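Heads up, the thing below is written out as structure tokens.
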């Protein structure tokens with residue numbers, strides 16, 4: 001991202017080559033160490049320590065996305081941090097294609113907004129998957145329809161909400177999705193010359209691979225810059241007690257709905273008898289009136305029970321519990 005030239009810089013470079021002012025041999029890399037001028041218009045506001053801490057935060061974020069997104073896409077998702085760097089906002093926007101998927105996120109309580117950029121091939125693959133397809137991207141990118149934008153917004157909101165936990169050790173954020181833009185010109189959240197940190201993540205949805213860029217302006221992170229170091233980050237990590245963690249997981253599992261069915265009995269009939277069934281016909285089952293019924297939790301036989309009624313509704317009374325060893 002840091003090597004991207006603006007259009008004016010490209011035009012000046014081509015003009016210098018054509019007029020002979022710039023020799024191609026001089027453009028070849030020299031074995032000598034080059035001295036780099038310090039540009040006061042682009043101060044190094046993000047140190048290597050800051051970028052490394054952001055990488056740690058988004059490595060945690062990548063694991064959360066890899067775990068949660070397959071629930072909605074029903075497809076294997078792999079996310080890993082590829083790189084991090086500090087550039088100007090203009091360099092970031094100049095490198096964007098058209099159309100592009102840009103989620104503008106209000107990073108409350110911090111000032112300003114951050115941007116989540118998702119590769120268009122990933123966007124079309126996710127839309128195809130959400131609509132029941134195989135998750136195949138389009139051969140030629142095109143503008144998104146209103147229905148596709150609505151689906152994309154839901155996916156982006158899911159990705160945005162997963163940022164809360166990784167940032168908890170630095171600041172307790174409550175991100176809000178302001179809007180989604182497909183044109184970089186409408187995503188000017190800060191001045192072009194302002195510095196930003198970009199964390200590039202490699203995302204693979206099934207066989208489709210693309211990049212997700214997290215754009216973090218210095219203006220937004222300025223209030224917590226002193227906390228963006230590994231020493232502070234690890235010192236604030238709270239080690240959860242294993243018993244407390246087990247209780248938390250148990251409380252979550254208890255709220256999950258599972259299907260339960262009580263099988264009164266089984267029988268086999270011919271197709272002809274089945275077609276000619278009428279109201280009042282009797283089907284002989286393989287169980288007796290006083291026999292225990294089998295109760296299934298999901299597809300697992302878990303209880304035996306006797307039929308009955310409770311408040312004018314059919315019911316069963318559990319008589320025994322079937323253990324796993326049985």
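Read the figures in this text as sums done on the coordinates, not as results from a lab. Please read all numbers here as calculations on a predicted model, not as lab measurements. In this analysis, Cβ positions are derived from the backbone assuming ideal geometry, glycine residues included, and neighbour counts consider all displayed protein chains.
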Among 181-192, 260-271, the order from most to least packed when residues are scored by Cβ within 10 Å on average: 181-192, 260-271
Full-extension gain in nm, residue 254 to residue 11, via 0.36 nm per residue minus C-alpha separation: 81.0 nm
All-pairs Cα distance distribution in region 48-252, expressed in whole percent, bin size 10 Å: 8, 34, 36, 18, 4, 0
Calculated FRET efficiency for the pair residue 158/residue 179, C-beta based, R₀ 22 Å, to 0.05: 0.85
Simple label model, 7 Å out from Cα along Cβ direction - residue 165 to residue 264, nm: 4.5 nm
Spin-label pair residue 317/residue 47, simplified geometry with 7 Å Cα→Cβ offset, distance in nm: 7.4 nm
Centre separation in Å (Cα based) which lies between region 294-323 and region 77-97: 57 Å
Gain on full stretching of the segment that runs from residue 247 to residue 229 - 0.36 nm per residue minus C-alpha separation: 3.3 nm
Separation in nanometres of the label points that stand 7 Å from Cα toward Cβ, at residue 271 and residue 309: 3.9 nm
Order of 61, 314 under a 10 Å beta carbon neighbour criterion, fewest first: 314, 61
Computed lengthening from residue 287 to residue 147, 0.36 nm per intervening residue step minus Cα-Cα distance: 45.1 nm
Packing rank of 70-76, 204-210, where each peptide gets the mean count of other beta carbons within 10 Å, highest leading: 204-210, 70-76
18 Å reach of a label modelled at residue 136, 7 Å along Cα-to-Cβ, counting backbone N of region 68-83: 75-76
Volume in Å³ per residue [convex hull over Cα atoms, computed for region 257-321]: 141 Å³
Burial ordering of 200, 319, fewest other beta-carbon atoms within 10 Å first: 319, 200
